[in-house]
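A.B. asks: If you scroll down you'll find the structure; I have some questions about it.
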Amino acid sequence: MTAGATTITHRATTAEHELAALQREHGRPLFALLLRLSDGDRQRAEDLVQETLVRAWQHPEALRAGDFDSVRPWLLTVGRRLAIDARRARQARPAEVGDEVPESARVCADHAERSAATLDVREAVKTLTPEHRDVLVQVYFRGASVAEAAAALGIPPGTVKSRAYYALRALRRVLPGYAADLR
């Protein structure tokens, strides 16, 4: 080993010892502050303590300044600023979700499947008689009630119900893969 390598190893070891001493002397008060600022999230507080100590390691000149008796105020200030920055960053982005799908989430087919299904239904609707097609357009595609569809088409409500029933029945025959969706 050369003399230069020994100096680098000695310097790194000294820095590690200084960092360990900072952790022992100021770690608990720093952790307590950051735990409060992290709303009790221990993992986040521990991460912030580590980040604060990394900043101390990156700026040894601030720790050796003769302007103050203790480095604790500097560490607490840096930790507090890191906690504030972390909170702002979390508030600026959407909440994280896990891999699991919430029970209330609707399961939707992808865009290609929806497009193919739309084309299939359009083609199937074209096979219906104009009367049946008009009723389906009013009730299912425009969302009209039976009474509204009857008024729009100028036919009795019973006829709207009957035509809707027979139109769906015809679609079930033409679209067997979609039978569950047509009930």
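The values are calculated or read from the model by the stated rules, or taken from the named source; none is laboratory data. What you are looking at is a predicted structure, and each value in this text was computed from that prediction instead of being measured. Cβ coordinates were reconstructed from backbone atoms using ideal geometry, including for glycine residues, and neighbour counts include every protein chain displayed. All accessible areas refer to the heavy atoms of the entire protein, side chains included, with ligands and DNA or RNA removed. Shrake-Rupley method; radii C 1.70, N 1.55, O 1.52, S 1.80 Å.
A.B. asks: Send over a whole-number figure in Å² for the accessible area per residue of the range 121-165, probe 1.4 Å.
C.D. replies: Accessible area per residue, the range 121-165: 62 Å².
A.B. asks: Follow-up question, since we're still on this one. Evaluate the distance, in nm, between pseudo-label points positioned 7 Å from the Cα of Glu16 and of Glu113 along their respective Cα→Cβ axes.
C.D. replies: Going by the 7 Å Cα→Cβ label model, 5.4 nm.
A.B. asks: Okay, moving on. Looking at the square roots a ≥ b ≥ c of the eigenvalues of the Cα gyration tensor of the range 16-88, which shape do they give, rounded for a/c under 1.5, prolate if a/b is larger than b/c, or oblate?
C.D. replies: Prolate is the answer for the range 16-88, as a/c is 1.5 or above and a/b outweighs b/c.
A.B. asks: Under 5 Å between amide hydrogens, which residues at least 5 positions from Thr127 or on another chain qualify, with H placed 1.01 Å from N in the peptide plane?
C.D. replies: HN-HN under 5 Å from Thr127: empty list.
A.B. asks: What is the percent carbon and sulfur in the accessible area of the range 123-183, measuring with a 1.4 Å probe over the protein chains and ignoring ligands?
C.D. replies: 55 percent
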